[in-house]
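Presented below is the structure to which this report refers.
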Amino acid sequence: MVEASSDMDNRFREEITETHEGETLNFCYQCSTCSGCCPVFRYNSKFNPRRIVENTLLGKRDRTVKSPDIWLCTVCHTCTEKCPQGVKVSEIIIELKNLSSKEGLFPAHLQEEAKALLEFGMVSPANKAILSRREKLGLPVIENAPPEEIRTLTSYTGFDKLIENRKAVEGEAPKKEAVEE
Ligand code: SF4
Ligand code: SF4
């Protein structure tokens, strides 16, 4: 018998299957190959790709889109390469992250990286210590992408507005202060 749950959303499964590669969700037969090969699951059993796929199939929107766990996926694509049914697990998780982002549910560190991209043209600008070490080692100057071009693109796509509207993700660790080397 299918479990009855208050967080079931019949439209949710369609939202995912209508996306690029999303229809492969329907081919899952819950073999767990994706979890078995996932490098994140190996170290953190809270992150379980098979369970994410199952919850998406069952329309459990809140348990996927509102869970901070989906952000643990490193998008290494191992699950997608190994799935015997051709389910594009990593692409499906990207779509779940997209839905989550539209609700403002993305981690603080990603918001900071996105803001740095808009301001400096790179997600992780090098600090003075790194720059002087590179110089001593004879490494070339790091060229960043022109921030004004990035801001133009992100304003067309709405990405700049999206990153401003972040809500705290449930279970999120408190922000750590950056340490200057
Ligand atoms: S490997 Fe593929 S078929 Fe097996 S549980 Fe994962 S998504 Fe489903
Ligand atoms: S793409 Fe994500 S879910 Fe798939 S194996 Fe890599 S970390 Fe795990």
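Rule-based calculations on the coordinates, nothing more; no lab input. The structure displayed is predicted, hence computed values, not measured ones. Here Cβ is always computed from backbone atoms with ideal geometry, including for glycine, and neighbour counts include all displayed protein chains.
Key figures
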{"quantity": "Modelled FRET efficiency - R0 35 Å, I142 with S45, Cβ distances, 0.05 increments", "calculated": "0.40"}
{"quantity": "Where no second cysteine Cβ lies under 4.7 Å, the cysteines concerned in the chain", "calculated": "C28, C31, C37, C38, C73, C76, C83"}
{"quantity": "Residue among E148, E54, E15 with the largest mean-square fluctuation in a Gaussian network model of the chain, springs linking Cα atoms under 10 Å", "calculated": "E148"}
{"quantity": "Proximal charge balance of V123 [Cβ under 13 Å; K/R count +1, D/E count -1]", "calculated": "-2"}
{"quantity": "Gain in span if fully extended, E81 to M8, counting 0.36 nm per residue against the direct Cα distance", "calculated": "23.3 nm"}
{"quantity": "Anchor K115: lysines whose Cα lies under 23 Å away (excluding residues fewer than 8 positions away in-chain)", "calculated": "K66, K97, K102, K128, K161, K167, K175, K176"}
{"quantity": "Gaussian network model of the chain, springs between alpha carbon atoms under 10 Å - residue of L131, L153, L162 with greatest fluctuation", "calculated": "L131"}
{"quantity": "Rel. contact order, % - alpha carbon contacts under 8 angstrom, at least six apart, the chain", "calculated": "21"}
{"quantity": "Candidates T24, T157, T78: whichever shows maximal mean-square fluctuation once the chain is modelled as a Gaussian network with Cα springs under 10 Å", "calculated": "T157"}
{"quantity": "C-alpha long axis of helix 89-102 to longest principal axis of the chain, angle in °", "calculated": "70"}
